[in-house]
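Laboratory data are not the source of any read-out in this text; all were calculated from the coordinates shown. Everything quoted here is computed from the prediction, not taken from an experiment. Cβ placement follows ideal geometry from the backbone for every residue including glycine, while neighbour counts extend to all protein chains displayed.
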Amino acid sequence: MLFGLIRKGNEEYFIEPYFGRSANSSDGQTHVIYKRSALKGPQTSTEGTCGNVDAGFEVFLRDRESERSHGNGNEMKRRRKRSVSSERNVETLVVADKMMVDYYSEEDIETYILTVMNMVSSLYHDASIGNAINIVLVRLILIETEDQEKAEELSISQHADDTLRSFCRWQKFVNPKDDTHPNHHDVAILLTRYNICTKANEPCSTLGLAEVAGMCQPHRSCNVNEDTGLALAYTVAHEMGHNFGMAHDGPHNGCQAPFGERQHVMSPHLNSDTSPLVWSNCSRDEITKFLDRDWGNCLDDEPSDHEFYFPELPPGAMYDAHHQCRLQYGPDAEHCEGIEDVCQTLWCRQDNKCVTRLEPAAEGTLCDRNMWCQMGRCTEIGERPEAIDGEWGQWEPWSPCSRTCGAGVSLSQRHCDNPMPAGGGRYCIGERKRYKMCNTQ
């Protein structure tokens, strides 16, 4: 059986096995391919949202800045005058709760989680993030019994805030303090099948919750994510973005993606769209500032080798449209064919009704004979885009002096656009901004 995601051009597709009534086991396992989805529920339901509230972001950032200000002032000033693109390795712990383990009891849950984390890694390799960030899985924990959960003193429920609080406390306890330990993690991710909700112990539209700007703080580098199928990858990437100090995109910061254009990872909720998610200019600036402030120093070390066997195929080649419907709506759901191009919107049959979360099928989902979904279109099955590593462009001219009277600072910068990284290629490494004193006489 195959599970995975395929990205081509401006579209993404999922692939997974088909277990429908028409599947013929004598001919081998049938698979289906479908496009990326965006919303949490059917077309008539409430959109899935992030549980983090924008109003608190500045408070968290000020708190981290105040902690930093207790350090060496001269060192802080010196570092502020540099902006260097360095390769960062986010050593990651992933925990699946008992609800999720039970839900996937008839499937290979490890392969499913590795597929999701592959998709998360791909998002953090997208050139739009403006930094070289590797998501490295160092530990995977499956909670298989209630006794195990109690023994771990980990409390997981529909109440997202309580769950996050308990999980953050627990993950710090299980994290080896020695940063060189092979199981030491920089961030912890909880995956749950609970229908979580902020501020209440009842189902609602919340998809995830994270500690804002908590990356590299042992007690706050954590997040909680509700599993809704392969779109879980976008929730994880979004919540980890909050750990990096990213705020939501919207009218308040001028980074709201217009309807019909490529949607942003940090949108509080997503419009129906077939193209792969990208990071907005706001998200790129926020994570760059976070790293330039030296808040991500725990990401500078080389990770240990781990024997996780990540799927090489795109998600849609591993989880077909029927399988993706089951991931979203339960074991009795199946693909509702013929309503719309599966590469545009995945429709599922549930209780004799066709419903949709306005999400396309995953990259690599079969859409016709010898055809699969790529970037929102049904195209011939072929090679995946070639990975192109980025290279620095020329340094820009020095900016005017920051002060017209007295000593100031002038800035020159360059961009990773000669060429830009593409197809998962490496982002440029090195100094992106340089400063010099001006008006010194």
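The table below gives the values:
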quantity: Sequence of 112, 309 once ranked by neighbouring C-beta atoms within 10 Å, starting from the fewest; calculated: 309, 112
quantity: Mean separation of Cα contacts under 8 Å, 6 or more apart, over the residue count of region 281-383: relative contact order %; calculated: 19 percent
quantity: Nonlocal amide H pairs with residue 432, under 5 Å, H built at 1.01 Å; calculated: 83, 84, 85
quantity: Residues 371, 437 arranged by fewest to most Cβ contacts within 10 Å; calculated: 437, 371
quantity: Sorted by Cβ neighbour density within 10 Å, fewest at the top, the residues 90, 136, 84; calculated: 84, 136, 90
quantity: For region 317-392 versus region 107-157, the gap between their alpha-carbon centres in whole angstrom; calculated: 22 Å
quantity: Cβ-placed point charges (K, R +1; D, E -1), dipole of region 314-371 about Cα centre in debye, nearest 20; calculated: 100 debye
quantity: Simple Cβ-charge dipole of region 79-162, Lys/Arg +1 and Asp/Glu -1, about Cα centre, in debye nearest 20; calculated: 1220 debye
quantity: Value of relative contact order over region 174-226, rounded to a whole percent, pairs C-alpha under 8 Å and six or more apart; calculated: 35 percent
quantity: Extension gain from residue 219 to residue 289, taking 0.36 nm per residue of separation minus the Cα-Cα distance; calculated: 23.1 nm
quantity: For region 173-182, 3J(HN,Hα) per residue [Karplus equation, 6.51 cos²θ - 1.76 cosθ + 1.60, θ = phi - 60°, Hz, x = Gly/Pro]; calculated: 5, 8, 7, x, 5, 6, 5, 8, 5, x
quantity: Anisotropy class of region 328-380 from Cα gyration tensor, a/c 1.5 cut; calculated: prolate
quantity: Three-way shape call for region 139-262 based on the alpha-carbon gyration tensor, with the a/c threshold at 1.5; calculated: oblate
quantity: Gyration tensor (alpha-carbon) shape descriptor, region 206-322, a/c threshold 1.5; calculated: oblate
